[in-house]
Amino acid sequence: MLKQHKITLAAIMITGLAACSTADKQEADTVSLEQISNQQWQLVKVDEQTVTAMGEKFPSIMIQDDLKVNGVAGCNNFFGQAEFEEGNIRIEQMGMTMMMCPPPLDKIEQQVSATFAKWSPVTVSGNTMTVTGEDHTLTYQLK
């Protein structure tokens with residue numbers, strides 16, 4: 001009986017340590033505004049599909065440290081005021097130019113707009129920023 005209690009106690013301690021380690025890792029992995037702001041990010045993938053440019057115009061985003069944002073969603077320029085909390089971002093009211101985008105940029109533009117319209121987690125790994133929305137994952141690289 002004593003042996004069984006020692007095993008149970010050891011299992012509880014290991015589980016507790018693992019939980020603490022996971023919580024610390026999640027806190028450490030939360031992206032800060034400083035990691036993503038004041039840099040030009042170029043969209044390279046949407047849902048693991050490579051994004052192509054329209055001439056010289058490439059989908060991109062610039063997030064300033066005051067959370068003003070601007071960029072190219074597909075072929076249209078956009079701007080707005082972002083919100084950023086605990087590693088999540090959204091642009092509640094995004095303004096945009098109104099050019100008609102040819103395929104596939106029209107679809108990319110809709111995916112970018114939809115992703116930033118709702119709270120989406122942001123991760124950064126090296127020179128890559130990933131914004132994971134409900135329906136789409138946007139992968140950006142530093143330009």
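General observations
- Neighbour net charge for Asp65 - beta-carbon separation under 14 angstrom, K R +1, D E -1: -2
- Counted by Cβ distance under 11 Å from Arg90, the other residues give a net charge of -2, where Lys and Arg count +1 and Asp and Glu count -1.
- Maximal additional length on extending the Ala117-Thr52 stretch stands at 21.1 nm, based on 0.36 nm per residue less the C-alpha distance.
- Taking Cβ atoms as reference points and 15 Å as the exclusive limit, the residues near Asn38 contribute a net charge of -1, counting Lys and Arg as +1 and Asp and Glu as -1.
No lab work stands behind these numbers, since they all come straight from the coordinates. As the structure is a prediction and not an experimental result, all values here were calculated from the model. Heads up, the Cβs are rebuilt from the backbone with ideal geometry, glycines too, and the neighbour counts pull from every protein chain shown.
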